[in-house]
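To start, the structure under review is shown below, and the notes come after it.
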Amino acid sequence: MKINLTNIGKRYNHHWIFRKVGYEFSSENAYVILGSNGSGKSTLLQLIAGSLSASEGSIAYYHNSVQVPDEQIYSRVSIAAPYINLIEAYTLEEIINFHFQFKQFYPGINAKNFIDVIDLPAVQNKPLKEFSSGMKQRVKLALAILSDTPLLLLDEPSVNLDKKGVEWYNLLMNTYRSNRLVIICSNRQKEEYGFCNKELMIENYK
């Protein structure tokens with residue numbers, strides 16, 4: 001997977017969040033978008049995901065050297081972010097079944113061992129509204145990471161995770177990030193992106 005950003009900018013009313021972002025992401029690397037709170041990290045990630053439109057510039061997507069039309073990128077991306085909510089009336093089993101109607105499981109994963117990987121077997125029949133914030137974050141991350149997509153986007157992935165949860169997240173990333181383009185957003189929490197080898201500082205584009 002490769003993504004080319006050409007002079008990307010985003011504004012709300014007359015306020016520019018960032019401008020003239022020129023960058024190439026490729027699956028040979030793992031990337032972190034760094035910046036302080038409110039700097040535009042999440043906005044840029046949503047542009048890359050195709051859920052927001054740029055105010056200027058263009059984004060081009062390539063998979064196996066073939067350009068992917070913008071309207072088809074949704075099928076190749078999985079994302080976990082604080083602003084993306086779970087359906088809390090569902091049980092864990094129900095949210096897994098629902099999510100994987102639209103995505104394929106990562107090779108070697110199925111509905112049964114998904115429960116084992118997420119390490120929450122005692123609550124699989126409880127509604128998500130009864131989960132703690134840390135448990136919900138585990139569900140969000142697992143749904144994204146264990147989907148078979150060439151593009152994986154994670155916004156502040158360690159939010160609400162305790163030390164054990166952060167260790168679990170890093171184990172998951174070390175196991176399931178091969179052969180895909182990974183982009184993380186972080187406000188400098190190294191535990192979220194220690195495996196990344198490329199950095200984009202969003203505040204360089206103000």
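The values are calculated or read from the model by the stated rules, or taken from the named source; none is laboratory data. Nothing here was measured: the structure is a model prediction, and the numbers come from that model. Here Cβ is always computed from backbone atoms with ideal geometry, including for glycine, and neighbour counts include all displayed protein chains.
Quickly run through the range 1-37 and pick out the residues that are of a type in the set (A, V, I, L, M, F, W, C) and under 18 Å from the mean Cα position of the chain (by Cα).
Taking the range 1-37 first, the residues of a type in the set (A, V, I, L, M, F, W, C) are 1, 3, 5, 8, 16-18, 21, 25, 30, 32-34.
Matches in the range 1-37: Met1, Ile3, Leu5, Phe25, Ala30, Val32, Ile33, Leu34.
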note = The one condition Ile84 fails out of (1) of a type outside the set (Asp, Glu); (2) closer than 20 Å to Leu161 by Cα; (3) touching a Phe, Trp or Tyr at 6+ places or on another chain (Cβ under 9 Å); (4) in a loop (DSSP other than H, G, I, E, B) is (3)
task = Could you figure out which of (1) part of a helix (DSSP H, G or I); (2) among the aliphatic types (A, V, I, L, M); (3) within 16 Å of the chain's Cα centre (by Cα) isn't true of Ala122?
result = (3)
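Residues checked against (1) surrounded by fewer than 16 Cβ atoms within 10 Å (Cβ to Cβ); (2) of a type in the set (S, T, N, Q); (3) at pLDDT 95 or above; (4) part of a helix (DSSP H, G or I):
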site	(1), (2), (3), (4)
Tyr169	no, no, yes, yes
Met173	no, no, yes, yes
Ile183	no, no, yes, no
Glu192	no, no, no, yes
Glu203	yes, no, no, yes
remark   = Reported set for the range 12-60 where residues are among the charged types (D, E, K, R) and either at pLDDT below 95 or closer than 24 Å to Ala144 by Cα (or both) is Glu24, Glu28, Lys41
key: Candidate set: the range 125-157, residues that are touching a Ser or Thr at 6+ places or on another chain (Cβ under 8 Å) and either among the hydroxyl-bearing types (Ser, Thr, Tyr) or part of a strand (DSSP E or B) (or both); chosen: the one surrounded by the fewest Cβ atoms within 10 Å (Cβ to Cβ)   = Pro127
inquiry  = Out of the strands (runs of 3 or more DSSP E) lying entirely within the range 1-53, which hold 3 or more residues that are more than 16 Å from Leu153 (Cβ to Cβ)?
reply    = 2-12, 15-26
request  = Taking only the range 54-71 into account, find how many residues are more than 15 Å from Lys2 (Cα to Cα) and part of a loop (DSSP other than H, G, I, E, B).
outcome  = 2
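Which of the residues belonging to the range 160-179 are in contact (Cβ under 8 Å) with a residue 24 or more places away in the chain and either within 19 Å of Leu44 (Cα to Cα) or small (Gly, Ala, Ser) (or both)?
Going residue by residue through the range 160-179, those that are in contact (Cβ under 8 Å) with a residue 24 or more places away in the chain are 160-162, 165-166, 168-170, 172-173, 176-177, 179.
Across the range 160-179, the qualifying residue is only Gly165.
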task = Determine whether the range 94-113 contains at least one residue that is free of Cβ contacts under 8 Å to residues at least 24 places away in the same chain, in a helix (DSSP H, G or I) and crowded, with 17+ Cβ neighbours inside 10 Å.
result = no
task = Would you check which residues across the range 25-55 are surrounded by 14 or more Cβ atoms within 10 Å (Cβ to Cβ) and among the charged types (D, E, K, R) and list them?
result = Lys41
